[in-house]
Structure formats: structure tokens, C-alpha cells
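Accompanying notes for the structure given below.
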Amino acid sequence: MLYLLTLQSIISALVFSLRRPRHVSNYLLSLWFAINALSFIGLLIPGGLVSFIKIGYLPFLFLNGPIFMFYVRSQIDIDFRFKWSHALNLLPFFFISVYRLISISESVKTTSFYNPGMPLKYLIIYTLICASVIIYLTVIFILLIRHNRNIKNYFSSKSQRLTLNWVVIIMIIIAVSNIFQYFVPLFYNFLQIGVDLGFWFNQFNLGMLGFLLLVFGLLQPPIYIDQPVNQEERKEQIQHSKYTRSGLNKHQLGQHALTIQKYIETNKPYLNPDYNLELMARDLNITRQNLSQTINDEMGKNFYQLINEFRVAAFKQYLNDPKMSHINFLGLAYEAGFNSKSSFYRLFKEVTGETPTEYRQRLNKEI
């Protein structure tokens, strides 16, 4: 099994490092798999990883949490860039590396941790690993909640590629694996189950985690793919943002609202299912910050509601058009810019207070 897990990790690391389009999220997943490959290689080497790397594999366990957290952030933060402050997440890795060099000279076997009578120096690392996992899982969970709240301020449609719901599955596997690995061995009754069983259970979990991360990672494209691609464009956005933090006055909000309304009615950008705030900002030459403030404060809704109200209106117009009478409900919904049947029915009910079928029945009665 260890040979298969090592091979899987190495291949996965190569796949994500070469994946297109180039995006920081792919490199982070590649790094995650590379570190796991390093851990598995350490288990296969008779003298342990410490034979080649003096700090061994233990410090690298403190990198999995930060890397996966930054993967999520690189997907959900519109203008994600690494900062010097992010290096603070590497402190546990460096501290444990130093502690490992000073306090533990021998090669540490993984099975050493599946022992309720483990030495104090192992128990310290054991506890810190547990704390690290809990902290980063909590941070990722909070990030996902914030992300799902912010989706409607940027996108006009919701889909699986935007919500990152699959990350919750990964988190559950990590949680179950770590509960078993870090808590069960503390009880003496665990010896009746067997140390080897605990070890292989966790290797199986790591293999399953790696497989799911490979599949979901490949299915997950970068969420914010319409960001400025050249340096000049990015500098211009940063310059604009410096002057928008104080907010727009009432007159400016009103002017922007009229501009947005006229632009949508004239250009009908809502017919594009993938339409988002960045595309509107480029078309109108108004920063995202100003657009969001205008839509939220002056127009009293979020971007998602604004665009889908126009889509519902377009659907009604198509429904009353004799030239489109040969197209069914779902076809008209797609023509109006909706990207799925479920979202169309849900949004139509939210906007009008009735289902599309109820609306057509009422319309027929009125006619």
C-alpha cells in the first residue's frame, strides 16, 4: 500500500504543477502532494527520512494545514496574493524542526505515536499536531462560510464550481482520521485493537484523502478567472481602491445606479450565464468596490439579485413572444441566462412569489 500511496502522491504533485491555466491554487495542491509523498518515502526507507533530511518527516506535518488553508484562500479571495505576514504560518514548522534536532536524535517511527505510553517528547509533538489540525479546520470552515455569503456579491449564478462544497467532504475525512489517530491511542484499551491496525487505518485514510483531493482538485477550476492578467491593470485597480475606501456620496451613488440600469437594459449582459461583477466593472470602467456599494446601498440588493431579476423579466418577455412559443420552459430559461433548471425555478419563485407554471396559468386566465 505504501508504494501505491507514494506513487499516487508523486503523480498528483506532477499533475497539478503542470496543470493549465497556471494558478496559485494548482501549485499549492502540488506542494501538498509533494509533502505527503515525502512522508510516505520516509516510511519506506529503512533508516527513515532522517537518513537524508535531518529534521525527518515530523515538521512537515505542520505544513499540511497551512497549505490547504491557502489553497482555499487562493480560490475564494478575489485579489489573493501572498504577503510577508503569511510566513507566520510557517513558524510551527521551524520551531518543531529545531525541537526535533535538539531533543530527538533517533529516527521516529510512525507507530511510536500509536502507544499510550509514548515518551513526553513525542507527546508534545503529538498534542501540537492535534491542535494544528483543529485550528486550521476551524479557519477553513469560517472561510467557506464567508465565501458562500459573498458569492452573491460577485456572481450572477451559483454552481458547484463556485461553492467549494467538496472541501467539506475533505474536512470530514481529515477530522475522522485525526480523531482516530490522535485521541484513540491515548486509551489503553487501544492496545487490544492493535497498533498496526491503527497505523494502516490512517494510511488508508491518507490514500483516500489524496485520491479525492486529486479528483476534486482537477474538477475545480480557479473561481475568479476574470481578474486582471497584466501588471498595469492590477496597478490601476489598486490605485482606484485607495480612493474608494471612504465610499461614494449620495449623488455619485445615484449616477452610478442610473449608469448600471441603462447598461443592463441596453447591453443585456445577463444573457451570459457566467456574467460577474468583474465583467461589469470592465465594461463600465468603474471599480468593483464602487459597483458593489452602488448596488447594495443605492439599489438595495446584491449583484446576484440584480442580474437575476433581469433574467426573470427576460423570461416573461420570451414567454409572451409568439415567435418563441415553440420553446419549452427550460429552453426559455436558458435563453434568458439561467444556467440550470433548479436555479431558474428557485429564483423565479423568489422574484415573483409564484412558480413559472403558476405564472403562466395566471397569465392565460388574464388573457
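The values are calculated or read from the model by the stated rules, or taken from the named source; none is laboratory data. Small disclaimer: the values here were computed from a predicted structure and weren't measured. Cβ sites come from the backbone with ideal geometry, for glycine too, and all protein chains shown count toward neighbours. SASA here: full protein model, heavy atoms, side chains in, ligands and nucleic acids out. Shrake-Rupley method; radii C 1.70, N 1.55, O 1.52, S 1.80 Å.
Restricting attention to the stretch 290-309, the residues being of a type outside the set (Asp, Glu), touching a Lys or Arg at 6+ places or on another chain (Cβ under 8 Å) and part of a helix (DSSP H, G or I) number 4. When the stretch 162-176 is filtered for residues that are touching a helix residue (DSSP H, G or I) at 6+ places or on another chain (Cβ under 8 Å) and either at pLDDT below 75 or exposed (fewer than 15 other Cβ atoms within 10 Å of the Cβ) (or both), the ones remaining, listed by number, are Val168, Ile169, Ala175, Val176. Taken over the stretch 66-84, the criterion of being outside any loop (DSSP other than H, G, I, E, B) and open to solvent by 20 Å² or more (accessible area, probe 1.4 Å) is satisfied by Arg73, Trp84. Just to be sure before I move on: is Asp283 in contact (Cβ under 8 Å) with a residue 60 or more places away in the chain, among the charged types (D, E, K, R) and open to solvent by 20 Å² or more (accessible area, probe 1.4 Å) in the structure I sent? Here the answer is no, as Asp283 does not meet what is asked. If the condition is being under 24 Å from Gln361 (Cβ atoms) and of a type in the set (Phe, Trp, Tyr), then the stretch 293-321 contributes Phe310, Phe315, Tyr318.
Among the residues of the stretch 198-253, write down those that are assigned to a loop (DSSP other than H, G, I, E, B) and at pLDDT below 50. Pro228, Val229, Asn230, Tyr243, Thr244, Arg245, Ser246, listed by residue number. Of the residues making up the stretch 308-324, those that are of a type in the set (Phe, Trp, Tyr) and without any contact (Cβ under 8 Å) to a residue 40 or more places away in the chain number 1. So is Ser9 over 18 Å from the mean Cα position of the chain (by Cα), modelled with pLDDT of 85 or more, surrounded by 13 or more Cβ atoms within 10 Å (Cβ to Cβ) and polar (S, T, N, Q) or not? In short, yes.
Return yes or no: is Gly254 at positive phi and out of contact with any strand residue (DSSP E or B) (no Cβ under 6 Å at 6 or more places or on another chain)? Here the answer is no, as Gly254 does not meet what is asked. For the stretch 309-341, what are the residues that are under 32 Å from the mean Cα position of the chain (by Cα) and open to solvent by 80 Å² or more (accessible area, probe 1.4 Å)? Within the stretch 309-341, Tyr334, Glu335, Lys341 qualify.
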